[in-house]
């Protein structure tokens, strides 16, 4: 049961936000194994060629999943972190706004992609990631999350299959 590894942190990063801290999950070999296995079973690995993870916690789960299922991994990063030519998209968070970037050659036209992040809240970050993958010609097959905050309706912004291991 993955939930036992999730710690609630009130008023982080600002008052009124109840942050779902995955640090205890990452510290647990059993918990981490359970998450990677759950993500691997949520979407058939034969349906995608590449795993794309969103900075920063999507890197943790995305690379572990990619290794587990024998796929390549592509990072989507915050601005100025990628060393080559990029495409970018802006998005809104539940507590502000930001931008994300991907290398222009990260996804090949027609390549099927599974997108990974740790948390689905308002959906803005993943919605921007989907736009980036499609702009490069990629075909998103699904978006997978460890945690989904269902009361924020982020799923409604995503026009592809959505999977989450834990729903609040």
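The values are calculated or read from the model by the stated rules, or taken from the named source; none is laboratory data. Remember, it's a predicted structure, so these values are computed and weren't measured experimentally. Neighbour counts run over all protein chains shown; Cβ positions are idealised from the backbone, glycine included.
The one condition from (1) within 14 Å of residue 76 (Cα to Cα); (2) at pLDDT below 95; (3) touching a helix residue (DSSP H, G or I) at 6+ places or on another chain (Cβ under 8 Å) that residue 92 does not meet is (1). Among the strands (runs of 3 or more DSSP E) confined to the stretch 80-168, the ones with at least 3 residues that are without any contact (Cβ under 8 Å) to a residue 40 or more places away in the chain and surrounded by 14 or more Cβ atoms within 10 Å (Cβ to Cβ) are located at 86-93, 96-103, 139-148. Scanning the stretch 24-57 for residues that are part of a helix (DSSP H, G or I) and in contact (Cβ under 8 Å) with a residue 60 or more places away in the chain gives 25, 35, 38, 39, 42, 47, 57. State which residue is farthest from residue 128 (Cα to Cα) when the search covers only the stretch 58-79 and only residues that are out of contact with any helix residue (DSSP H, G or I) (no Cβ under 7 Å at 6 or more places or on another chain) and assigned to a strand (DSSP E or B). Filtering first and then ranking leaves 74.
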